[in-house]
Amino acid sequence: MQKILVIDDDRDMCLLLNRFLTKRGFQVVEHYNGRKALEHISADRPDLILCDFRLEDMDGKQVLIKTREIYPDIPFIIITGYSDVKMAVEMLKLGAYDYVTKPVFPDEILVTIKKALEKQGNQTPAEAVPQVAPANRKSKPAETDDKYIFGKTPEMLNILKQIELVAPTNYSVIIYGESGSGKEAIAQKIHAQSSRRNQPFIAIDCGALSRELAGSELFGHEKGSFTGALNQKIGSMELANGGTIFLDEIANLPYDIQVALLRVVQERKIRRVGGNRDIELDLRIIVASNEKLWDAARVGKFREDLYHRFNEFSINLPPLRERAEDILLYARHFLAATNRELGKNIVDFSPEVQQVFNSYHWYGNLRELKNVVKRAALLTDGPIVGLQSLPFEIIYHQKLSAETTPAPAAAVAAPVAPLPPENTFVPSVPSFHENSLKAVSIDAEYEMIVEALKQSNFNKTKAAKLLNIDRKTLYNKMKQYQQFNNL
């Protein structure tokens, strides 16, 4: 029986997940704070961890980092509110498997859990062969990625031309782009169009490598080279020999590892930790970063000589919000994939949903869009995804953003707000447009709910407690406001 550790200071949430997962054949252990959970992890290794981002004594990021130091390969799933999506994306860089957003839907989280455990089960047991770095996401020859589309905006068409230009060469490439914007897919595309296409493609998330283990994960180690090195281990660089290695978030590598990496780039040789011989390598190196490496080099965070070695060619991947023409293209692509996964036949998104998608900021880029589409598809019974299947925070994003923007320190007169572009969906405060006590009551109630959501960082359970109502009542109220606006 597979063991799942649930970490959440909301005891009702723990109870809900415990009952649901126990009925599905899992053994569930609950902990309500991070320190107790870490003690449990040290004493009894779980098969998977579900952790709320906001805990009473520490946040989920701290729990993830400390868990990775003990067991680098345990699937770690974050539970978060939409206001914390940017932090959730950062935790994916640190090695989390995935994140789910509140409110948590049992069927959705079950799909994520099964995928994580299935992926874990498909990995080769550590006792049989030398271990692969836990941040390694690919260890076989890459194929043309039919699961990814590149969009039709001029920016993306230009990037495809750059890929065609650089792929046949052995140039090192730097890919710049925000988290979740598709940098690894670009690297896979370069590999697939190169002469190395039938050789391994290995992706490493450098943000998930601790200072103590980074050298071992990249270069490997010999048996007995340090405490805990019970077997010889082949590093990711050696595993990628003949093919391509992709180093994501390269600026997060510890400075001493950058020194060792410089030798690899210059001489194409590595030496395992504790080893006494050099190993020749023939591999292409592609790196990615969400910050400019030249800027990092100027402040001493990244070695300037290493930057110049990598900077033989660079590609700048724009964020999703800057390629708005592709948003619905990507959304429909993710919808088709989710239809296959869930066995549904959802045709499209309603016009209102399409307007929300086009106006939303998409902090997590394609990764966030994919998660929103998957959740909406799960909640949709008919052929069209409607607004009722989207999270409240995304529907009301424009209004909530405006309410949290501070007013100017001094102003002679309030400027007249410009009219929104034609056919742009802008949610408004629910109102009956009549001078009645009921209308005033509804408006006041709406404002109280919005304020409670902001104070609780959009945690529905905590917002309901602030309002002295239960979660179900809060959800019903939110749905009513959507109806008041004819959503």
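The values are calculated or read from the model by the stated rules, or taken from the named source; none is laboratory data. Predicted, not measured: the structure shown is a model, and the values here were computed from it. Methodologically, a virtual Cβ is constructed for each residue, glycine included, from the backbone with ideal geometry; neighbour enumeration extends over all protein chains shown.
Results for (1) at pLDDT 85 or above; (2) touching a Leu at 6+ places or on another chain (Cβ under 9 Å), shown as yes or no for each residue.
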site	(1), (2)
SER195	yes, no
ALA208	no, yes
GLU212	no, no
THR227	no, no
GLN258	yes, yes
GLN266	yes, no
inquiry  = I'd like the full set of residues that are part of a helix (DSSP H, G or I) and farther than 20 Å from PRO106 by Cα, limited to the stretch 338-368.
reply    = PRO351, GLU352, VAL353, GLN354, GLN355, VAL356, PHE357, ASN358, SER359, ASN365, LEU366, ARG367
query = Going by the structure shown, is ASP73 in a loop (DSSP other than H, G, I, E, B) and either assigned by TED's automatic domain parsing to the domain that holds LYS115 or touching a Lys or Arg at 6+ places or on another chain (Cβ under 8 Å) (or both)?
reply = yes
query = When you go through (1) farther than 17 Å from LEU209 by Cα; (2) surrounded by fewer than 18 Cβ atoms within 10 Å (Cβ to Cβ) one by one for TYR255, which number turns out not to apply?
reply = (1)
key: Qualifying position, being at negative phi, crowded, with 21+ Cβ neighbours inside 10 Å and of a type in the set (Asp, Glu), among ASP52, ASP57, ASP73   = ASP52
task = Just give me the residues in the stretch 2-26 being farther than 24 Å from LYS460 by Cα and in contact with an Asp or Glu (Cβ under 9 Å, 6 or more places away or on another chain), in sequence order.
result = GLN2, LYS3, PHE26
key: Any pair with Cβ under 8 angstrom, 6 or more apart, that starts in the stretch 189-204 at a residue that is under 15 Å from LEU239 (Cα atoms) and ends at one that is in a loop (DSSP other than H, G, I, E, B) and among the polar types (S, T, N, Q)   = PRO200/SER139; PRO200/ASN241; ILE202/ASN136; ILE202/SER139; ALA203/ASN136; ILE204/ASN136
request  = Scan (1) modelled with pLDDT of 90 or more; (2) in contact with a Lys or Arg (Cβ under 9 Å, 6 or more places away or on another chain); (3) hydroxyl-bearing (Ser, Thr, Tyr) for the single condition TYR363 breaks and write down its number.
outcome  = (1)
key: Lone unmet requirement of (1) in contact (Cβ under 8 Å) with a residue 60 or more places away in the chain; (2) surrounded by fewer than 18 Cβ atoms within 10 Å (Cβ to Cβ); (3) touching a helix residue (DSSP H, G or I) at 6+ places or on another chain (Cβ under 8 Å) for LYS292   = (3)
ask   = Within the stretch 295-304, is there a residue that is surrounded by fewer than 17 Cβ atoms within 10 Å (Cβ to Cβ), touching a residue at least 40 places away in the same chain (Cβ under 8 Å), assigned by TED's automatic domain parsing to the domain that holds TRP362 and touching a helix residue (DSSP H, G or I) at 6+ places or on another chain (Cβ under 8 Å)?
value = no
query = With ILE163, ILE149 as the choices, which residue is surrounded by 13 or more Cβ atoms within 10 Å (Cβ to Cβ), modelled with pLDDT of 50 or more and in contact with a strand residue (DSSP E or B) (Cβ under 8 Å, 6 or more places away or on another chain)?
reply = ILE163
remark   = Pairs returned, first residue in the stretch 40-52 that is without any contact (Cβ under 8 Å) to a residue 60 or more places away in the chain and in a loop (DSSP other than H, G, I, E, B), second residue that is surrounded by 21 or more Cβ atoms within 10 Å (Cβ to Cβ) and not aromatic (Phe, Trp, Tyr), beta-carbon separation under 6 angstrom, 6 or more apart or interchain, are PRO46/LEU5
message = Just to be sure before I move on: is ASP52 within 19 Å of ASN459 (Cβ to Cβ) and touching a Phe, Trp or Tyr at 6+ places or on another chain (Cβ under 7 Å) in the structure I sent?
response = no
key: Long-range neighbours under 8 Å by Cβ, at least six apart or interchain, first residue within 18 Å of PRO154 (Cα to Cα) within the stretch 307-318, second aromatic (Phe, Trp, Tyr) and surrounded by 15 or more Cβ atoms within 10 Å (Cβ to Cβ)   = SER314/TYR176; ILE315/TYR176; ASN316/TYR176; LEU317/TYR176
ask   = Can you tell which of LEU92, LEU64 is in a helix (DSSP H, G or I), assigned by TED's automatic domain parsing to the domain that holds GLY25, touching a strand residue (DSSP E or B) at 6+ places or on another chain (Cβ under 8 Å) and touching a residue at least 40 places away in the same chain (Cβ under 8 Å)?
value = LEU92
request  = For ALA288, indicate whether it is under 20 Å from GLU184 (Cβ atoms) and of a type in the set (A, V, I, L, M, F, W, C).
outcome  = yes
task = List every residue pair whose Cβ atoms sit under 9 Å apart, with the two residues 6 or more apart in sequence or on different chains, where the first one lies in the stretch 230-245 and is in contact (Cβ under 8 Å) with a residue 12 or more places away in the chain and farther than 14 Å from ALA203 by Cβ and the second, anywhere, is among the charged types (D, E, K, R) and assigned to a strand (DSSP E or B).
result = ASN241/GLU280
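Among the listed residues LEU218, LEU213, identify the single one that is surrounded by 21 or more Cβ atoms within 10 Å (Cβ to Cβ), in the same structural domain as ASN311 (by TED's automatic domain parsing), over 21 Å from GLY364 (Cα atoms) and among the aliphatic types (A, V, I, L, M). Let's see the steps before the verdict.
On the way: LEU213 fails: surrounded by 21 or more Cβ atoms within 10 Å (Cβ to Cβ).
Exactly one residue qualifies, and that residue is LEU218.
Taking the stretch 11-25, which residues are touching a helix residue (DSSP H, G or I) at 6+ places or on another chain (Cβ under 8 Å) and buried (at least 20 other Cβ atoms within 10 Å of the Cβ)? Can you show your working first?
Narrowing the stretch 11-25 to residues touching a helix residue (DSSP H, G or I) at 6+ places or on another chain (Cβ under 8 Å): 12-13, 16-17, 20-21, 24.
Hits for the stretch 11-25 are MET13, LEU17, LEU21.
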task = Of the numbered conditions (1) under 25 Å from TYR176 (Cβ atoms); (2) more than 28 Å from the chain's Cα centre (by Cα), ASN231 fails exactly one; give the number of that condition.
result = (1)
remark   = When the stretch 95-108 is checked residue by residue, the ones that are outside any loop (DSSP other than H, G, I, E, B) and either among the β-branched types (Val, Ile, Thr) or within 8 Å of the chain's Cα centre (by Cα) (or both) are ASP98, TYR99, VAL100, THR101
